[in-house]
Amino acid sequence: MSDRHNLKRISSVLGIVLSAFFAAIAVAGYQRTGDLLQLFLFLLLAGLAYAVVKLLFFGIGRLLDKLDPS
């Protein structure tokens, strides 16, 4: 399946930015509180955020493919 709508790069960049945001919150929170559970939860959230963004853009790409008549 080709990326006719050029969503792969956009989804990767957005996913990485969102993951980096949650990872930064994880590290900052750990440095402030020393709570390992908080660190692991926010790192897990960072991974989930990346996966959700990729799935969302995959769905958008499929929707655009169905709407595009050519």
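The values are calculated or read from the model by the stated rules, or taken from the named source; none is laboratory data. Worth saying up front: this structure is predicted, and the values here are computed from it rather than measured. Please note: Cβ atoms are built from the backbone with ideal geometry, for glycine as well, and neighbour counts cover all protein chains shown.
Residue-by-condition table, conditions (1) closer than 19 Å to GLY59 by Cβ; (2) in contact (Cβ under 8 Å) with a residue 40 or more places away in the chain; (3) surrounded by 14 or more Cβ atoms within 10 Å (Cβ to Cβ):
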{"position": "HIS5", "(1), (2), (3)": "yes, yes, yes"}
{"position": "VAL13", "(1), (2), (3)": "yes, no, no"}
{"position": "ALA24", "(1), (2), (3)": "no, no, no"}
{"position": "GLN38", "(1), (2), (3)": "no, no, yes"}
{"position": "PHE42", "(1), (2), (3)": "no, no, yes"}
{"position": "ALA46", "(1), (2), (3)": "no, no, yes"}
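In this structure, is LEU64 touching a His at 6+ places or on another chain (Cβ under 7 Å) and either in contact (Cβ under 8 Å) with a residue 24 or more places away in the chain or in a helix (DSSP H, G or I) (or both)? Yes, satisfied. Regarding segment 34-41, can at least one residue be identified that is small (Gly, Ala, Ser) and more than 22 Å from SER12 (Cβ to Cβ)? Yes, that holds for at least one residue. Any residue in segment 3-18 that is at pLDDT 95 or above and more than 30 Å from LYS66 (Cα to Cα)? Within segment 3-18 (the criterion being at pLDDT 95 or above and more than 30 Å from LYS66 (Cα to Cα)), the answer is no, since none of the residues qualifies. Within segment 37-57, the residues that satisfy the criterion of being of a type outside the set (D, E, K, R) and either at pLDDT below 95 or touching a helix residue (DSSP H, G or I) at 6+ places or on another chain (Cβ under 6 Å) (or both) are GLN38, LEU39, PHE42, LEU43, LEU45, ALA46, ALA49, TYR50, VAL53, PHE57.
The residues of segment 27-36 that are part of a helix (DSSP H, G or I) and exposed (fewer than 11 other Cβ atoms within 10 Å of the Cβ), listed by number, are GLN31, ARG32, LEU36.
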